[in-house]
Amino acid sequence: MSQQSHPNSSSELEQYVARKKRKEKRAKRKRSNDVVAKEINLVAMMDVLTILLIFLLKSYSVSALSIPVGGTISIPLSKQTINPKEAVKLTITSIKGSTPGVIAVDEEAIVELTPEFLAQYQTRLQKGDYTIKEVKLALEKKKRLIKAMASIVDDVVFDGKIMVIADKETPSWLILSVLGTSAEAEFTQYQLAAVRKSQ
Amino acid sequence: MGRRKQHNDEMGQELNLVPYMDIMVNLVLFMLVNIISFLSFTILNTSIPTLSDGTSKDDQLAVRVDVESSSYKFVVTQGDKVIVNAVLPKIAGPDGEKIYDTEKLLQLAESAKEKYPLGGQILLNMSANVKYEDLVSTMDAVAETQPGLADLFIEPTLNILWGS
């Protein structure tokens, strides 16, 4: 032991140095291996994230339905299984909340559904006048925009499709009023939106 | 020698994936928060009454459901003649509240479709204050069909019924 730790002859010294170098090399290699092992393998995580992103992007583009306006809205359930198609969205938010609901065309709130407004239009509908003037103007503007786009882009066509996304508490007269107003603006393909009931 | 060393160094360098990961994680989170298609949506096609040219046949079969505030009225007519006239009052629901009897309505719709050569059209006369939720459940009931069987009434026309 003492010979090993304190070499006497030159050959022993050489052997000692060589041993020491080998030991150091081994230790260095071990250290570098440890560093590699400690690194997280990000490739698998990247794979997962990329697949998830592609799936989400696809779902995002397929879903023709989004509810962009503020206000509360609770959509009724339905057993139907028809997929929503791209259409102009007409949203009616809850009229029962603390703040008055709104009628929105796509993302733009057009009319505030105050109690006075509702009473006024219900009376007008009873007399046979179902047109909500502000909504009609907004829809006509939308129609002109789509038609202008259709004249430039081949894929765009004005097909008169309108999707009504309404709160489940909305009275039928308001739904009918909105549908009648849409018909006046040449939107006659109605789709009522609902949440698909799980079977 | 120097060029080979430089080339080896470049090959040995790992791509810095951290910024890419940052973007991806943020994008995924943003989309997860925004996306609503996990709630799968559906649509119900409908129409509203149009002006007729007055050429309808007198013996034409027609079916309608009057959705009144306290009952359904299922009516089948042939011209002026009423063939079926059934009233389905609201029933007690699971929470004790009164709900429309959609099951009975479905049975009536099925039996009428079996008995008479009715098409897919149906008129839904909605009482003015009936909720949209009830409108959807009524449309569901009259359109529902068993797998493998022909559709019931998939072309509902909506109309308003005042004073009921």
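Worth a mention:
- Mean separation of Cα contacts under 8 Å (6+ apart) over length of segment A:60-196, as relative contact order %: 31
- Equivalent ellipsoid of segment A:119-194: semi-axes from √(5λ) of the C-alpha gyration tensor, largest first, are 26, 14, 8 Å.
- Loop-located trypsin sites (Lys or Arg not before Pro) in segment A:151-199, at most 15 other Cβ atoms within 10 Å (DSSP): A:K197
- In this simple spin-label model, placing a label point 7 Å from the Cα along the Cα-to-Cβ direction at both A:S74 and A:E140 gives a separation of 3.7 nm.
- The loop-placed GluC sites (Glu not before Pro) in segment A:105-199, going by DSSP, that have at most 15 neighbouring Cβ atoms within 10 Å of their Cβ come out as A:E107, A:E186.
Coordinate-derived values only; no laboratory data. What you are looking at is a predicted structure, and each value in this text was computed from that prediction instead of being measured. Here the Cβ is made from the backbone with ideal geometry for all residues, glycine too, and neighbour counts use every protein chain on show.
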